[in-house]
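Note sheet for the following structure.
Please treat every number below as a calculation from the coordinates, not as lab data. The shown structure was predicted, so the numbers you read here are calculated from the model rather than taken from an experiment. Ideal geometry is used to build each Cβ from the backbone, glycine not excepted, and the neighbour counts take in all protein chains shown.
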Amino acid sequence: MSSIYTGPVFEMARNQFTHVADYLEIPEGKRDRLLYPKRAIAISCPINLDNGETAVFQGYRVQHHLTLGPTKGGTRFAPSVDIGEVSALAIWMSWKCALAGLPYGGAKGGITVDPHSLSIRELENLSRRYMQEMIPFVGPHVDVMAPDMGTNEQVMAWFMDTYSMYQGRTVSEIVTGKPVSSGGTEGRREATGLGVAHLIARAMQRLQMNPAGATAIIQGFGNVGSYAALELAQQGIRIIGVSDHTACYFDPNGFDVNTLLAYAGKHGSLKGYSTEALFDPDQLLVQACDILVPAAIERVIDADVAAKLKCRILAEAANGPTTPEADAVLDQRRREIFIIPDILCNSGGVIVSYFEWVQDLQQLFWRRTEVLNRLRDLLDNAFERVMVRVEKDAISHRVAAMAIGVDKVAQAKATRGLFP
Ligand code: GLU
């Protein structure tokens, strides 16, 4: 089938899907209905810049399937954003939500922009304009946005406010990942990183590894990477390598994560944190460590990097960090490297987003311990189901995780039938 969805990231999502569909023996005729997004919205967002000129930014939202409920997923502000990337990320959200047992289809949106190039005022104008253009296509029971790379709680608050102003009432359930002061939930900010660390602890138990003395390398120090690092350090794991888009550091003695966090909080990035520990970012992923956590962008582990990895656990905190070519290599190294695939590894974020949406709909708010207990419960359940499937069919962790998600959506589509 020819479509508007092209590019390396979409091809990656398609390739993975074909692999899983072969394993599940889904007939050719039923595959396009599962893979191709239901809706894709492309918009132009004009805003007034501080210098008095007008600039137009391209924005997108892809809603993958509407079979299980509203669609759900983040909004990315990054120069790489295009319809191919956004559609792949939406498709992955579908398998992620289905694996975690959430009543959602996947969605993703974004604007092609470097948010660091904008002033706060310009960022607010762009965020509000994006939501305003999306009003006809979203809603608390249609499509619920959240943060992703380049967006944060403040952007979500602007989204919520813009939508609410047009409705003439506060509609906090239109987005998740909001500040707690504006209807957000306890625990959402750190949920993805906490989930990553929780699943790493599960994997270590299974592999009979001791956290004391274990080492970890984290690529990416945004919301996900920083909280994952903090939580791993609290488990007694030494963080020996860390990077963001501005700097890369390596020190076998380990870093103090609280100091790193305080520095990044104050300066906006890790740039200038140290001169002694500066390291080549191209070499970071292939250093020897117990746990490798790619927590930045897609496709950083290709076949070449995969062959050189020297970790015991690969915890995919980013979406799509490992290419299908790398997967083929890692399949051969299955006994050496234990993969926690992205749609499982980073699902803590959308799980707590779901809790936020439920609380907003009910206007009944939970304590932090309740949020985190429920989070751990859903993560443990998904982890166990993946492990059972891996052992039953001798398949890779990625195929097992995706198969559970794809199967759930396929069954829902089959039982609902085709209308009319
Ligand atoms: N952007 C995050 C993800 O990729 C979170 C999505 C959400 O909370 O809805 O999973």
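Structure notes:
- Evaluation of ALA107 against (1) away from the ligand (no atom under 13 Å from the Cβ); (2) touching a residue at least 40 places away in the same chain (Cβ under 8 Å) (one fails), failing number: (1)
- Filter result (more than 15 Å from the ligand (Cβ to nearest atom) and either among the aromatic types (Phe, Trp, Tyr) or in a strand (DSSP E or B) (or both)) within the range 55-93: ALA55, VAL56, PHE57, GLN58, GLY59
- With respect to (1) touching an Asp or Glu at 6+ places or on another chain (Cβ under 8 Å); (2) among the basic types (Lys, Arg); (3) more than 13 Å from GLU356 (Cα to Cα), the lone exception for ARG189 is condition (3).
- Residue in the range 247-264 that is in contact (Cβ under 8 Å) with a residue 12 or more places away in the chain, within 24 Å of SER347 (Cβ to Cβ) and not β-branched (Val, Ile, Thr) present: yes
- Applying the criterion of being hydrophobic (A, V, I, L, M, F, W, C) and without any contact (Cβ under 8 Å) to a residue 40 or more places away in the chain to the residues of the range 187-228, the residue that is farthest from the ligand (Cβ to nearest atom) is ALA212.
- Take the conditions (1) surrounded by 20 or more Cβ atoms within 10 Å (Cβ to Cβ); (2) charged (D, E, K, R); (3) assigned to a helix (DSSP H, G or I); GLU186 misses just one of them, which is (3).
- Among (1) more than 12 Å from the ligand (Cβ to nearest atom); (2) assigned to a loop (DSSP other than H, G, I, E, B); (3) closer than 19 Å to PRO294 by Cα, the one test that MET149 misses: (1)
- The set of residues in the range 70-86 that are surrounded by fewer than 24 Cβ atoms within 10 Å (Cβ to Cβ) and either in contact with a helix residue (DSSP H, G or I) (Cβ under 8 Å, 6 or more places away or on another chain) or in contact (Cβ under 8 Å) with a residue 60 or more places away in the chain (or both) comprises PRO70, ALA78, SER80, ASP82, ILE83, GLY84.
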